[in-house]
Amino acid sequence: RSKSLSDEENLKLFGKCNNPNGHGHNYKVIVTVRGEIDPVSGMVINLTELKEYMQQAIMEPLDHKNLDKDVPYFAEVVSTTENVAVFIWENLEKLLPTGALYKVKVYETDQNVVVYKGEEAI
């Protein structure tokens, strides 16, 4: 739901997701990293560390939250799946080694999936 649109425009654009009191989703997020494989560990990044970063960047700010009311980022940004993917990317990018984050894939449903790879030149 966009604060910039009328009730009629929100209904036309967002359909059943248009609810002034909010609505819920159970998102599924897949994070892809890239980089050189460490010859000692055999990993690009330690998976225990990656899980901790995902906890900090995704679960703590978003899990069981009303995005529009509980997450400051979405006070002015429409909480679409596209913008959720950007939010996750920006949070993870701050925690991961430079250049390690390759892709964030967010499933709103099995049929509604967003893939974000950061800012890429076209």
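The values are calculated or read from the model by the stated rules, or taken from the named source; none is laboratory data. Small disclaimer: the values here were computed from a predicted structure and weren't measured. Positions of Cβ are backbone-derived with ideal geometry, glycine not excepted, and every protein chain shown enters the neighbour counts. Quick note on the areas: whole protein, heavy atoms, side chains included, nothing else; ligands and nucleic acids left out. Shrake-Rupley method; radii C 1.70, N 1.55, O 1.52, S 1.80 Å.
A few notes on this one:
- For Glu82, the test of being out of contact with any Phe, Trp or Tyr (no Cβ under 8 Å at 6 or more places or on another chain) and of a type outside the set (Gly, Ala, Ser) is failed.
- Scanning the range 67-104 for residues that are open to solvent by 60 Å² or more (accessible area, probe 1.4 Å) and outside any loop (DSSP other than H, G, I, E, B) yields a count of 10.
- Selection from the range 36-65 of residues that are in contact with a Gly (Cβ under 8 Å, 6 or more places away or on another chain) and open to solvent by 50 Å² or more (accessible area, probe 1.4 Å): Val44
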